[in-house]
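Engineer: My questions will all concern the structure given below.
The values are calculated or read from the model by the stated rules, or taken from the named source; none is laboratory data. From a predicted model like this one, the values you see are computed outputs, not experimental measurements. Ideal geometry is used to build each Cβ from the backbone, glycine not excepted, and the neighbour counts take in all protein chains shown.
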Amino acid sequence: MQLTGGTVAAKNSPQRANTERLLVSTEDELKTTAGHQLDSTQQETVKQIHQYQTQSKTALQAGDLELAHNLAVKAHLLADQLVKPQP
């Protein structure tokens with residue numbers, strides 16, 4: 001038996017909640033870069049983060065929680081790297 005994206009279990013799963021928290025946290029990290037001058041590499045990183053976030057949200061809506069979570073993690077790791085102070 002295969003679960004579809006519309007199941008109640010998928011909509012209320014801990015993985016979905018964790019993925020949604022990661023997306024919010026990533027967005028909060030990106031807000032810390034507002035008003036800062038970003039170089040071209042950093043700007044590309046921001047674009048990639050937004051792409052991962054969009055893809056993650058699409059996967060969530062489709063019920064593909066594993067893909068959604070993996071994309072949210074990638075976006076979050078990139079955001080962490082972006083806001084981390086450079087030596």
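Engineer: Which residues, taken from segment 29-64, are of a type in the set (A, V, I, L, M) and within 16 Å of the chain's Cα centre (by Cα)? Spell out the reasoning first.
Structural biologist: Going through segment 29-64, the residues of a type in the set (A, V, I, L, M) turn out to be 30, 34, 38, 46, 49, 59-60, 62.
Leu30, Val46, Ile49, Ala59, Leu60, Ala62, listed by residue number.
Engineer: Name the pairs whose Cβ atoms lie under 6 Å apart, with the first residue in segment 33-57 and aromatic (Phe, Trp, Tyr), the second in a loop (DSSP other than H, G, I, E, B) and at pLDDT 95 or above, and 6 or more positions between them or separate chains?
Structural biologist: Taking only residues 6 or more apart or on different chains, not a single pair turns up.
Engineer: Which of (1) farther than 20 Å from Pro14 by Cβ; (2) modelled with pLDDT of 95 or more does Thr32 not meet, given it meets every other one?
Structural biologist: (2)
Engineer: Yes or no: Gln43 surrounded by fewer than 16 Cβ atoms within 10 Å (Cβ to Cβ) and in a helix (DSSP H, G or I)?
Structural biologist: Numbers: surrounded by fewer than 16 Cβ atoms within 10 Å (Cβ to Cβ): yes; in a helix (DSSP H, G or I): yes.
Taking the combined requirement at face value, the residue satisfies it.
Engineer: Let me ask something else. Any idea which residue in segment 65-79 is surrounded by the fewest Cβ atoms within 10 Å (Cβ to Cβ), counting only those that are over 8 Å from the mean Cα position of the chain (by Cα) and closer than 17 Å to Lys47 by Cα?
Structural biologist: By that ranking, first place goes to Leu77.
Engineer: Scan segment 46-64 for residues that are crowded, with 19+ Cβ neighbours inside 10 Å and outside any helix (DSSP H, G or I) and report the count. Before the answer, list the steps.
Structural biologist: Of segment 46-64, the ones crowded, with 19+ Cβ neighbours inside 10 Å are 49, 52-53, 56, 59-60.
Then keep just the ones that are outside any helix (DSSP H, G or I); that gives none.
Looking only at that region, the number is 0.
Engineer: For segment 47-71, name all the residues that are under 15 Å from Gln81 (Cβ atoms) and modelled with pLDDT under 95.
Structural biologist: none
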